[in-house]
Amino acid sequence: MAGHDVIVVGASAGGVEAVSALVAGLPADLPAAVCIVVHLRPDAQSHLADVLARVTSLPVTAARDGAPLRSGTVHVAVPDLHLLVERGDDVEGVLRVVRGPRENRARPAVDTLFRSAALAFGPRVIGVILSGALDDGTAGLWTVKDRGGIAVVQEPDDAAVPSMPTSALSEVTVDEVAPARELGPLLGRLAREPAMPTASAAEDASSDLVREVRITAVSEEYHQESERYGRPSRFGCPECGGVLWDVSGQGPFRFRCEVGHAHTAASLAEAQTEAVEAAMWSALRALEDKAELARRRSAAANERGLLVYAANFAVQEQAAQQHAAALRALLRLDGRSGIRPRAHHQEASEPVDVMTEGEPATSR
């Protein structure tokens, strides 16, 4: 009977330190393959694999499409490409590195890796959620658990940005919670435990799960799989403006558009907040332009002796200035007004990509 020999790890803001601590604690004889996604800027030149190689005796490689999923090896996602795993001709499986549609406005995305592992290996999978903003990874961890795998989460108080661990704990029946420094030995022990088949995992994977993995992989069936999937919602996709379809099923709230972009509830809410703020700044600019134009028209009317027109334009100027002042005050209130959730915005701006030796660069 196989053990839990496929470990998938997801992190975002503040996650590099947690990933390093986890990898440093992995046993040298780990009987499992490890795949890691840390959300990266698409234009980043990541050296995360090199950084992790300094803290472990296990081989650490940047993921390559078609490479074997090797036991005792750490595979690291690269910028602007999703990392997926598939069953191969042998028991170990194959890595897929693809430029599929973004999830939660990220590529690579945590959920795509977790979902593909759950589909391919079912109860053999251990999913691990580390530090990060919003609720990234929660839906993927739910799928791992639903397919009979093990769910592990970093202790939120130990995380630099606790939103991802906290979200996972609220939505998923988690098996283990521990600080990052204790996760390596814990995973070494769990990997050796036999993976017991469950009723859910023993059945063929649902057509919905198969469909979602194909969408991410941009398979030949991509267009047919993504079109009109789920239940229509009133929401628009922040990426392309298309209609979002509710694909939550029995798991956490999730939405996907017809070309494949996917969003969790928190990701969609964040995008909506940004859209509202952008609209308010545009409105402020328009009001200030309106006030300036009215001022110039009033001055021109005064020069020509058209005092009634000048007075009307002066009233328009004053009204536009008052509206602009009210809008400017609302924008200054920031998070207190509900326009910009300050805590999430700051978390999402935390550095997550490693550009130089141990030094992350800014990302989402």
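Results for (1) over 24 Å from Leu209 (Cα atoms); (2) of a type in the set (D, E, K, R); (3) without any contact (Cβ under 8 Å) to a residue 24 or more places away in the chain; (4) assigned to a loop (DSSP other than H, G, I, E, B), shown as yes or no for each residue.
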{"residue": "Val9", "(1), (2), (3), (4)": "no, no, no, no"}
{"residue": "Leu52", "(1), (2), (3), (4)": "yes, no, no, no"}
{"residue": "Leu58", "(1), (2), (3), (4)": "yes, no, no, yes"}
{"residue": "Arg64", "(1), (2), (3), (4)": "no, yes, no, yes"}
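Leu22: under 18 Å from Leu187 (Cα atoms) and either β-branched (Val, Ile, Thr) or surrounded by 18 or more Cβ atoms within 10 Å (Cβ to Cβ) (or both), yes or no? Considered against the rule, which asks whether it is under 18 Å from Leu187 (Cα atoms) and either β-branched (Val, Ile, Thr) or surrounded by 18 or more Cβ atoms within 10 Å (Cβ to Cβ) (or both), Leu22 comes out as yes.
Could you check the stretch 221-335 for helices (runs of 4 or more DSSP H) lying wholly inside it with 2 or more residues that are without any contact (Cβ under 8 Å) to a residue 40 or more places away in the chain and closer than 17 Å to Arg105 by Cα?
Values: elements: 222-226, 265-303, 307-333.
Correct list: 265-303.
Could you tell me which numbered condition Pro79 fails, if it satisfies all but one of (1) farther than 22 Å from Val152 by Cβ; (2) in a helix (DSSP H, G or I); (3) of a type outside the set (Gly, Ala, Ser)? Checking Pro79 against (1) farther than 22 Å from Val152 by Cβ; (2) in a helix (DSSP H, G or I); (3) of a type outside the set (Gly, Ala, Ser), the one that fails is (2).
Every read-out reported here was derived from the displayed coordinates using simple, explicitly stated rules and does not represent laboratory data. Since we're looking at a predicted model, the values are computed, not measured. Ideal geometry is used to build each Cβ from the backbone, glycine not excepted, and the neighbour counts take in all protein chains shown.
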